[in-house]
Amino acid sequence: MPPYDRALLHSAASIRGIKNPSQLAREAGLSVPTAWRIWNGIGAPRGDHADRVADVVGISASSLYHRAAGAAA
């Protein structure tokens, strides 16, 4: 799995008023430790977690990965 774009995640989350992992956990229905790992780049969101995070911050799950892969090229 390619790396994901945490800058995009943080930017999109900020627009939605999500400023920290605890808020992401609450809004996406994730555990706080899972949201903390995603927020801080300790593992990428996959499957259902990626879908929930992307939905909550208002982007597509695939855009997190496409942008990061393009930025690395």
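When N20 is tested against (1) at positive phi; (2) over 10 Å from the mean Cα position of the chain (by Cα), exactly one condition is not met: (1).
Across segment 41-65, what is the total count of residues that are surrounded by 16 or more Cβ atoms within 10 Å (Cβ to Cβ) and part of a helix (DSSP H, G or I)? Result for segment 41-65: 10.
The residue of segment 1-40 that is surrounded by the fewest Cβ atoms within 10 Å (Cβ to Cβ), among those that are of a type in the set (A, V, I, L, M, F, W, C) and assigned to a loop (DSSP other than H, G, I, E, B), is M1.
The numbers here are math on the coordinates, done by the rules we state, and not lab data. Please read these numbers as outputs of a predicted model, since none were measured by experiment. Note: ideal-geometry Cβ built from the backbone for every residue, glycine included; neighbour counts use all protein chains shown.
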